[in-house]
1. Output the residues belonging to the stretch 169-179 that are crowded, with 20+ Cβ neighbours inside 10 Å and touching a helix residue (DSSP H, G or I) at 6+ places or on another chain (Cβ under 8 Å).
2. Would you please name the residue that is surrounded by the fewest Cβ atoms within 10 Å (Cβ to Cβ), looking only at residues in the stretch 57-68 that are over 15 Å from the mean Cα position of the chain (by Cα) and in contact (Cβ under 8 Å) with a residue 60 or more places away in the chain?
3. Out of the residues in the stretch 126-142 that are touching a strand residue (DSSP E or B) at 6+ places or on another chain (Cβ under 9 Å) and not in a loop (DSSP other than H, G, I, E, B), state the one that is surrounded by the fewest Cβ atoms within 10 Å (Cβ to Cβ).
4. Condition (residue is touching a residue at least 60 places away in the same chain (Cβ under 8 Å), over 20 Å from residue 112 (Cβ atoms) and touching a helix residue (DSSP H, G or I) at 6+ places or on another chain (Cβ under 8 Å)) applied to the stretch 204-219: is it met by at least one residue?
5. In the stretch 231-255, how many are closer than 16 Å to residue 172 by Cβ and touching a helix residue (DSSP H, G or I) at 6+ places or on another chain (Cβ under 9 Å)?
6. Kindly provide the set of residues from the stretch 69-82 that are buried (at least 20 other Cβ atoms within 10 Å of the Cβ) and in contact (Cβ under 8 Å) with a residue 40 or more places away in the chain, ordered by number.
7. Could you tell me which residue of the stretch 90-102 is farthest from residue 174 (Cα to Cα), considering only residues that are crowded, with 18+ Cβ neighbours inside 10 Å and touching a helix residue (DSSP H, G or I) at 6+ places or on another chain (Cβ under 7 Å)?
8. Just checking, does the stretch 142-154 include any residue being within 25 Å of residue 205 (Cα to Cα) and under 17 Å from the mean Cα position of the chain (by Cα)?
């Protein structure tokens, strides 16, 4: 049977180049986790080739089982007490001007890992005073005291992704709650930190739902949005309902700008940390 190729399905380049090899070497030698690898990010070739990476702290096993994500779910190992130092040293070795940190969900920890987050940010700042920092955090179950620990460490941008529209949240994110995520973002923005969020398209949402989600984010003081195509990472994850064309992404991005977002990234291969250095 002849296989049909969707002309709108994004094409991904293979990773090449000296910078890519160097970043891969640093990650491997320091036993670091990156969402680039664990999340099968389509931009790994570009970001690693440019000498940047998004580090994933607190291990590589998540306590949640979101249907869009390929990161393993299960019982995580205890946090590596040396990881903040390893991350900070790696940022220094790579000579990064901007770094992005994310993590798995650690609902098994008393504060969801918030204190570990703060320690990592502060250690990066200590060893790399000229490096700007963006963090992509979990919802910490909406506990403001835990979110505050991250805020107090003063990263330049704090991101928390809605991932999808309200109607699809329970199916896509399972344990997360749409309104709780909005509250997390508003708390971040109200405390003087630039708030950022991202959504994936292709899960069955409508245009009206996409635009309604934008309105919800703006109403909660989010100033940066990333909009990308959902790609099914494994056969066990949700199937793609639609591949949007680049023209459709351009049009959706224009609407986001018209609505009032300060910065918009919209494209088939856009992910949360894509061109993150521009968001400072």
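1. As a first pass, look at the stretch 169-179 and keep what is crowded, with 20+ Cβ neighbours inside 10 Å: 172-173, 176.
Once the filter is applied, which keeps residues that are crowded, with 20+ Cβ neighbours inside 10 Å and touching a helix residue (DSSP H, G or I) at 6+ places or on another chain (Cβ under 8 Å), the stretch 169-179 yields only 176.
2. 67
3. 132
4. Restricting attention to the stretch 204-219, the residues satisfying the condition of being touching a residue at least 60 places away in the same chain (Cβ under 8 Å) are none.
No, because not a single residue in the stretch 204-219 is touching a residue at least 60 places away in the same chain (Cβ under 8 Å), over 20 Å from residue 112 (Cβ atoms) and touching a helix residue (DSSP H, G or I) at 6+ places or on another chain (Cβ under 8 Å).
5. Initially, the stretch 231-255 is screened for residues closer than 16 Å to residue 172 by Cβ, giving 231-234, 236-242.
Next, from what is left, pick out any that are touching a helix residue (DSSP H, G or I) at 6+ places or on another chain (Cβ under 9 Å): 238.
So the answer is 1.
6. Restricting attention to the stretch 69-82, the residues satisfying the condition of being buried (at least 20 other Cβ atoms within 10 Å of the Cβ) are 69, 71, 76.
Residue satisfying the conditions is 69 alone.
7. Quick first cut of the stretch 90-102, residues crowded, with 18+ Cβ neighbours inside 10 Å only: 90-91, 94, 96, 98-102.
Those left that are additionally touching a helix residue (DSSP H, G or I) at 6+ places or on another chain (Cβ under 7 Å): 90-91, 94, 98-102.
Working: 90: 34, 91: 33, 94: 36, 98: 32, 99: 29, 100: 25, 101: 23, 102: 19 Å.
Filtering first and then ranking leaves 94.
8. no
The values are calculated or read from the model by the stated rules, or taken from the named source; none is laboratory data. On a predicted model such as this, the values are computed, not experimentally measured, just so you know. Positions of Cβ are generated from backbone atoms using ideal geometry, with glycine treated the same way; all protein chains shown enter the neighbour counts.
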